[in-house]
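Remarks on the structure that follows.
The values are calculated or read from the model by the stated rules, or taken from the named source; none is laboratory data. Please read these numbers as outputs of a predicted model, since none were measured by experiment. Ideal geometry is used to build each Cβ from the backbone, glycine not excepted, and the neighbour counts take in all protein chains shown.
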Amino acid sequence: MGAAGEADVSGFRICFRNESGEVLACADPAPYGPEKKGGDMSIVMLIAKGLGLTVVVGLCVLAWLTLVPWRSRWIRMWDYPRGQILILLILTVPGVGYWVCTNSGPLGYGLSMLTVSSIVLLCWEIFPYTTLSRKETPTASATGQQNGIRLLSSNVLMENRDYGRLCAYITQESPDVLVVLEVDPAWLSALASVTAAYPHRFEHPLDNRYGMAIYSRFAVRSGGIRFLLRDDLPSAKLELVLPDDRLITLYVVHPPPPAPGEAPDSIARDAELAIIAQEAHADPHPCIVLGDLNDVAWSHSTRLFQRLGNMCDPRIGRGMFNSFHAGHWWVRWPLDHVFLSPHFALKTMHLGPVIGSDHFPVVVDCVLESTAVGSAPRPQAKDAEESQRLIAYAHKHQLPLSEDE
């Protein structure tokens, strides 16, 4: 027993014997090779499942988050990428299916229900902007186009100095009404050669990205640049006289977005849209509202604006017309809008080319009909109360363009 022992490997066990051959102890060898690798793979799969679950649940939370009626930018910013969230959720469906097959308990079924319901919600929001949906603004007939109006709206991006491309495009389209946003004095000088053809002009250049200029071939009976909430945030209201002496009202708007460096929430934007909606609803003339609303077509605030103002969206039943961001195809949504009262029918609507800005120009050809032909969404019971609260709050607090002011 006291003699030195030696190791004897027999089969898959290691035994220690003394000099007389008596077994002192045996032990199984430490796992090597496939067993250890299998353990590592289990850990990797566990981490992958955890990350995948986090991504899917996070996307679902973002899908439903916009239903929260708060106007903080941290919530409202998720109104924009609805299409992108939808695509990412669809891409996760195979992984969710695998999870359900391997986790058939409440967690697996709950995850599948959450994913499917989120996809249905996003499809419901986006569906109206497909060709499968019924149009709010009908297509103009080939014969009834004597009161045709061509509008071109372009957010030029103030820092953009590639003036030539927009000038060439304005010359090509030759709109009856031209609206340019984010203009500073340099932009007005650069556009002078093409805007000289417009006898009626309203210009208010600024160096804060909220400058505005409007040019019209139609006579202007009244109106001009105005300031609804702040003296550095212009909008416009113009009463235009068509060639047959009929009157229409043009509203131009460019409110601040709920974004860092702009506004901590969407109250200023939503309040300005509510003011214009109330005015359009009470206006005795057919109305057109256009501009960079810094909002997407399917958001609560835009739908509220449509219901309050009795305005039709010509994109419904035709497409999204994603005008922003011109430089990133994977991050695009409709920020530039043209809304028409039910008196108008649509000839064409299209986006312009890249002009060096982060927005594409928007061109709309519409026709003023003799009677109402469109179908605007109907107001809901609490719309008026909500809009009054928004407007009162914005006027009381004089909301700044950025948190730094």
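Tabulated values for the structure
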{"read-out": "Which listed residue is hydrophobic (A, V, I, L, M, F, W, C) and at pLDDT below 60, from A63, A48, A3", "value": "A3"}
{"read-out": "Qualifying positions in segment 289-308 - within 17 Å of P234 (Cα to Cα) and touching a strand residue (DSSP E or B) at 6+ places or on another chain (Cβ under 7 Å)", "value": "V289, L290, G291, D292, L293"}
{"read-out": "Boolean, L157 is in contact (Cβ under 8 Å) with a residue 12 or more places away in the chain, in the same structural domain as P286 (by TED's automatic domain parsing) and in a helix (DSSP H, G or I)", "value": "no"}
{"read-out": "Qualifying residue in segment 302-310 (condition: in contact (Cβ under 8 Å) with a residue 12 or more places away in the chain, on the phi > 0 side of the Ramachandran plot and not basic (K, R))", "value": "yes"}
{"read-out": "Residue list for segment 258-281, restricted to those being within 16 Å of D295 (Cβ to Cβ) and either surrounded by fewer than 17 Cβ atoms within 10 Å (Cβ to Cβ) or free of Cβ contacts under 8 Å to residues at least 60 places away in the same chain (or both)", "value": "A259, D265, R269, L273, I276"}
{"read-out": "Members of segment 263-288 found to be outside any helix (DSSP H, G or I), under 25 Å from R209 (Cβ atoms) and more than 18 Å from the chain's Cα centre (by Cα), listed by number", "value": "I288"}
{"read-out": "Failed condition for N294, given (1) of a type in the set (S, T, N, Q); (2) farther than 28 Å from I170 by Cβ; (3) assigned to a loop (DSSP other than H, G, I, E, B)", "value": "(2)"}
{"read-out": "Of residues in segment 214-245 being at pLDDT 95 or above and among the basic types (K, R), the one farthest from the chain's Cα centre (by Cα)", "value": "R221"}
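Okay, residues lined up against (1) assigned to a helix (DSSP H, G or I); (2) farther than 30 Å from L65 by Cβ; (3) of a type in the set (S, T, Y):
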site	(1), (2), (3)
F127	yes, no, no
T131	no, no, yes
T137	no, yes, yes
I149	no, yes, no
A168	yes, yes, no
R201	no, yes, no
D207	no, yes, no
Y210	no, no, yes
Y215	no, yes, yes
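For every residue, the table says whether it meets (1) within 26 Å of R269 (Cβ to Cβ); (2) surrounded by fewer than 18 Cβ atoms within 10 Å (Cβ to Cβ).
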| residue | (1), (2) |
| --- | --- |
| G52 | no, yes |
| C60 | no, no |
| W70 | yes, yes |
| G95 | no, yes |
